[in-house]
Amino acid sequence: MKKLTAFLAFLILIISAQAQILKPVKWSFGAETLNEKEANLVITAKIDAGWHVYAQNIGEGGPIPTSFSFTKSPDFTLVGKTSESPKPVSAFDPNFNMQISWHENSAVFKQKIKLNKAETTVKGTLEFMVCNDEQCLPPEEVAFSINVKAGASAQQSSPEKASSATPAAGAANPDTALAQTTAPVTLTDSSSKTDTLTKQYEKPVVELASTEEQSLWAIFLAGLIGGVLALLMPCIFPMLPLTVSFFTKKAGSKAEAIRKASLYGFFIILIYVCLGMGVTLAFGSDALNELASNGVFNFLFFLLLVVFAISFFGAFEITLPSAWANNVDQKSNTKGLGGLFFMAFALALVSFSCTGPIIGTLLVQAASMGQYMGPAVGMLGFSLALAIPFTLFAAFPSLLKSLPKSGGWLNSVKVSLGFIELALALKFLSNVDLAYHWEFFDREIFLVLWIVIFALLGFYLLGKLQFSHDSKLDFISVPRLFLAIISFAFTLYMVPGLWGAPLKAISAWLPPQTTQDFDLYTNTLSSPNIEQEQLNKKYSGLFKAPYGLNAFFDYEEGLAYAKKQNKPVLLDFTGHSCVNCRKMEASVWSDPEVLKRLRNDYVLISLYVDDKTELPENEQHLSEYSGKKIKTIGNKWSDLQASVFKTNSQPYYVLLNGDGQVLTAPEAFNLDVKNYVDFLDRGLAVFKK
């Protein structure tokens, strides 16, 4: 079982492959000249045994029909509708409660055109769906380009790919009904001193489990939402009724159908959780936390999410090698648990072009939070959202009738997610900018880009912005209207942030308020501090505290100052890439009661555990705790936190006296303002005893 788990995790983790998945249909494109003014565009499908492609004329609510979209041009005019031969096989499908037609072995589609020019190139896109008795592949789009020449009645032949003449329409063997004008088209698919400091702590530290639990719940909910979104993608949604139909038809009873569907759902969960566990086992908890603050990986994450966004916009598709899917598909034909397992595995593989970017985003986000079980918990939420519908509809097949009909809206979901992926990518670029002090990607630039992205999303939802693979939008549905309203409202909500408004709802994702060039808000919370201006603090040129707080950024320096002033210390373990740190600063530290205590009662020491500034040579050393070389400012404070407090998550707040002794149990991420005020008051009371 361990080998199987490792194999599954390794198999799905490789997301950079650009080869095709299962290809039971091979398409060829060409033309046949009818006379000097007319020609037929001929599109041939060669279908593997056991598979079938749906015909053109299928009513609403059924599977995806084969359809053709031709790019308009003054060089030609379409004449009539696209014909298909031979006559499709037709049968009543009780699952759809309608007559369904399909082609087996081969099919020829012809579109007559009138030529307005002696030679032209016809471009377009075909969409089709292919199934066998056990599974369906997601709907696919194929872009094509066909050269057509006017002339006497004869078959066109590509000068690069000569071929034999083609029989007339209706010939017995449609497989040879096309002279190739182009090569067979492939589907377009459109990551010392610090050691001495640890000895100053004399009192035990209470470790908090609640922070990890909160983070894991957040990861689980994110996975659950991601699974719901994946279910609405064009690669999975059309397969839901077809897969359920397979279970209800093959099973001898309703109970048997439910049992098989439940096992199918269980295997879906197992596969994706194994993927999450594979990420954890491959990197380990310490490495995951390092990834969260590593500038190189954050930049790679940024590039990865941009690639995912472009994929969702339809430029290409991210797919897995066909050999993988073919091998898994063959094994899914076996009986018993093995067959159900490989059916679930086949779903994971063939839907990868849609689910891959969502899974990748979830794993990146889970890894960036530094939680050991984060990737597995995220995949548990994702797979639950995918698996439950298959079991539910197998138990209650009549509910399938209540599902919305497949159509262009599925692609709209995919494109909308592309906009969101692009917005999320900017957070990781911001992390890199902060960690290396590039100081070019400040809060205003970040907000401007988000404002533009979500405004474009609103226009897209209203049909004012369309991509080449989008269906024509004749009217705006109520859900699209409400989503557009939400998108535009969110856009307007962000605008005041350009003048320094805190935007607490999204503060966790924004660069710190201190990077704001034009800030009208912070000036209302802070007052000039003469003493702060006079102090020549270590690292003061690298870091700034929010709200004009008089903060230190070196532990020893801040501790000495606190002892001199006879004040307690708030030790703030933070990070440039720490989302929850920004949220705490915007939602808790900005409260007047908290600010008053931070400004008047405490000496604030903020230690950035992910800063990449190198220490002077005389300060670099080997850690007694980890054995690693402490080279950067971030290394120094990260090692201090891990060695003394046995935790590596941020934010983490510790109250100390001037001798470095802990005053009360540390606090972590908690947006309850009253709780934080009580925390500060408890420490102050102990300090004054």
Next on the checklist: Here's a check for you: in region 73-106, which residue that is small (G, A, S) and within 18 Å of P63 (Cα to Cα) is modelled with the highest pLDDT?
Outcome noted: S101
Item to check | Residues of region 636-689 satisfying the condition of being part of a strand (DSSP E or B) and touching a helix residue (DSSP H, G or I) at 6+ places or on another chain (Cβ under 8 Å) | outcome: Y652, Y653, V654, L655, L656, E667
Checklist entry - Going by the conditions given, is I21 closer than 30 Å to F267 by Cα, in contact with a helix residue (DSSP H, G or I) (Cβ under 6 Å, 6 or more places away or on another chain) and at pLDDT below 75? => result yes
Checklist entry - Does at least one position in region 571-587 carry a residue that is at pLDDT 90 or above, hydrophobic (A, V, I, L, M, F, W, C) and either in a loop (DSSP other than H, G, I, E, B) or crowded, with 16+ Cβ neighbours inside 10 Å (or both)? => result yes
Checklist entry - Out of all the residues in region 32-72, which are of a type in the set (K, R) and at pLDDT 90 or above? => result K46
Next on the checklist: One residue is enough: does region 610-628 have a residue meeting the conditions touching a helix residue (DSSP H, G or I) at 6+ places or on another chain (Cβ under 6 Å) and not in a loop (DSSP other than H, G, I, E, B)?
Outcome noted: no
Next on the checklist: For region 440-467, give me each residue that is touching an Asp or Glu at 6+ places or on another chain (Cβ under 7 Å) and either assigned to a loop (DSSP other than H, G, I, E, B) or surrounded by fewer than 17 Cβ atoms within 10 Å (Cβ to Cβ) (or both).
Outcome noted: F440, F441, D442
Item to check | Failed item, numbered, when M369 is tested on (1) crowded, with 22+ Cβ neighbours inside 10 Å; (2) aliphatic (A, V, I, L, M); (3) closer than 25 Å to K23 by Cα; (4) modelled with pLDDT under 70 | outcome: (3)
Checklist entry - When residues of region 491-540 are filtered for being modelled with pLDDT under 80, in a loop (DSSP other than H, G, I, E, B), over 32 Å from the mean Cα position of the chain (by Cα) and not hydrophobic (A, V, I, L, M, F, W, C), how many remain? => result 8
Next on the checklist: Suppose the filter is within 22 Å of A218 (Cα to Cα) and not basic (K, R); does F645 pass it?
Outcome noted: no
Checklist entry - Quick one: G500 ticks every box in (1) crowded, with 19+ Cβ neighbours inside 10 Å; (2) on the phi < 0 side of the Ramachandran plot bar one, so which box is it? => result (2)
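Could you please let me know if L607 is crowded, with 16+ Cβ neighbours inside 10 Å, assigned to a strand (DSSP E or B) and under 35 Å from the mean Cα position of the chain (by Cα)?
yes
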Item to check | Cβ pairs under 8 Å, 6+ apart, first in region 121-132 and farther than 19 Å from T33 by Cβ and assigned by TED's automatic domain parsing to the domain that holds S69, second among the hydroxyl-bearing types (S, T, Y) and assigned to a loop (DSSP other than H, G, I, E, B) | outcome: T125/S468; L126/T66; E127/T66; F128/T66; M129/T66
Checklist outcome for this item: By residue number, the members of region 471-497 that are touching a helix residue (DSSP H, G or I) at 6+ places or on another chain (Cβ under 6 Å) and surrounded by 16 or more Cβ atoms within 10 Å (Cβ to Cβ) are R480, L483, A484, S487, F488, F490, T491, M494, G497
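The values are calculated or read from the model by the stated rules, or taken from the named source; none is laboratory data. Predicted, not measured: the structure shown is a model, and the values here were computed from it. All Cβ positions, even for glycine, are placed from backbone atoms using ideal geometry, and neighbour counts span all protein chains on display.
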